[in-house]
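Presented below is the structure to which this report refers.
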Amino acid sequence: MTSLMLLAVAQLPARAAILVEAEEGTLVGTQVSANRSGYSGRGYVTNFSQEGDRVVVRFEARAGLYEAQIRYAAESEKGFGLSVNGVIASGMFEPSNGWRSQSAGKVELRNGVNEVALEKGWGWFDVDRFEFRPAAPTPVPRPVPAHLADRHASTPARELFARLRRTYGAKTLSGQYDLRDTDHIKKVTRLVPAIYGSDLIEYSPSRIEHGADPKGATEGWIKRAKTGQILTLSWHWNAPKDLLDKEITDANGNKVDARWYKGFYANATTFDAARALADPKGEDYRLILRDIDAIATELMKLDRAGIPVLWRPLHEAEGGWFWWGAKGPGTYKALWRLMFDRLHGRHGLHNLIWVHTGIKPDWYPGDKYVDVVGVDLYPSDRRDALSGTWETLLRAYDGKKLIALTEVGGVPDVERMFRFGVRWSYFVSWTGSLGASSVKDDELRRLYGAKKVGNLGGR
Ligand code: CA
């Protein structure tokens, strides 16, 4: 281990690009090498191989926002964790074929001494240096068109969308899945999330067949919406049939619970959405319609009560872990459009604002079928401003669709995100992700009380 060194950046007249050589840092389980040519400075750091291996470098800077770059070499794709002043941003090194620079997104530096650390992540990469270039916050997102994908949308749906358009860029609306966490937030902060999230899972016909009981969930949502909370619904759609309904052993030899109540996972069913859609006269196609119709019955109760829904079906398809995403983007998009046409055309529902969840462009169902583009993220560090993901989505959808953090682990730091120019339309924290140890009461009060957070009753 070398001694900890300070790289003095003498008398900066203004913010300037800062180069920080990795080999000048404190090595934990790692080594300095000069074997691979083309490095800058005295060499580079290598041998990230054991848990906890890292390099830590201290350097001086002027306070502000910077774009962080890592100069690295890796033979194949490797995950990394870059920690800047204790806040970790996770990313992926691509295969580099020699030295290559990779953006790690925006970071905040402070006046005086700062600390950058590269954690082991997946390991097996070399790091030459870090570079911090002065950056500005990402520009405010442009307004999106006023009309909804459903051209016959109800007045309540239009009014809700108008409200979302009005707040977009100025505030991020808060949201929370499920009652227990919502009550916890209310008790601790005396504030109520703008959005209430729930799921139609128990209305899936193949669950009902197994004795599942939705326990009047829809009637509960109607009551909840009448308190003024916005309703968002996802649907962990249990596959219509072909549930394995047993414990299985996966390719790694791990036991996996694939019983009937896990039937929304691709590994718990042999139901093939591609095959079903390919045969509109077949039994499997009929079962897909049966299930959509069952859900339509519940959504209709909400429509009749004048309640619009941020409707987020078929979520995380591109991850491939749910059966509706397991057959690729073509099948997913066909299923999305089938559902869209069925709910509007056949059932005459007009209270839906369509929320697509995903980043990959080839999975996007199309402008005519989507109102909001969302992403589900469980960052390893809750303070991560997620600027890389935001900028990716903004490049694709700015001025076209609202962009939202549709599912998130913990409660995001919206105030910090705004400093980076990260301005989600709304966030919705997933069930149970507040857990007493993950978000302490004082922190919850600070996060929910932030000026840029729009809560129930706020403007
Ligand atoms: Ca170097």
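What follows draws every value from the coordinates through simple rules; no lab data is involved. Owing to the predicted nature of the structure, the values given are computational and were not obtained by experimental measurement. We place every Cβ from the backbone using ideal geometry, glycine too, and count neighbours over all the protein chains shown.
Sorting 261-273, 401-413, 337-349 by their mean Cβ neighbour count within 10 Å, with the most densely packed peptide first, gives 401-413, 261-273, 337-349. To the nearest 10 degrees, how steeply does helix 155-167 sit against the main Cα axis of the chain, on a 0 to 90 scale? The helix 155-167 is inclined about 10 degrees to the chain.
For residue 327, the lysines whose Cα comes closer than 23 Å to its Cα, not counting residues fewer than 8 places off in the same chain, are 241, 246, 262, 281, 360, 368. Distance between the C-alpha centers of the range 35-89 and the range 443-459? Whole Å please. Answer, in whole Å: 35. Taking Lys and Arg as +1 and Asp and Glu as -1, the other residues whose beta-carbon sits under 15 Å from that of residue 21 total -2. Rounded to 0.05, the FRET efficiency of the residue 259 and residue 441 pair, given R0 = 30 Å and the Cβ-Cβ distance, is 0.20.
Peptide packing for 160-170, 299-309 was compared via the average number of neighbouring C-beta atoms within 10 Å per residue; ordered from the highest value, the list is 299-309, 160-170.
The string of couplings for the range 405-413 from the Karplus curve (6.51, -1.76, 1.60, θ = phi - 60°) is 9, 6, 7, 8, x, x, 10, x, 8 Hz, one whole number per residue in order, with x for Gly and Pro. A simple spin-label model places pseudo-atoms 7 Å from Cα toward Cβ; at residue 155 and residue 248 they are separated by 5.0 nm.
Classify the range 222-318 from the C-alpha gyration tensor, please: rounded if a/c falls under 1.5, else prolate or oblate depending on whether a/b exceeds b/c. Oblate shape, in that a/c is at least 1.5 and b/c is the bigger or equal ratio. Projecting label points 7 angstrom from Cα along Cα→Cβ for residue 42 and residue 297 puts them 7.4 nm apart. Quick one: plug the Kirkwood hydrodynamic radius of the chain (C-alpha pairs) into Stokes-Einstein at 20 °C, 1.002 mPa s, and report D in µm²/s. Rounded to a whole number, D works out at 89 µm²/s.
Between the helical axis of 283-304 and the longest alpha-carbon principal axis of the chain there is an angle of about 90 degrees. With 0.36 nm allotted per residue and the present C-alpha distance subtracted, the residue 113-residue 286 stretch has 55.8 nm of extension available. For the chain, what does -39500 (n - 2.57) per DSSP helix run (n ≥ 4), summed and divided by total residues, give at 222 nm, in deg cm²/dmol to the nearest 500? Mean residue ellipticity, 222 nm, calculated: -7000 deg cm²/dmol.
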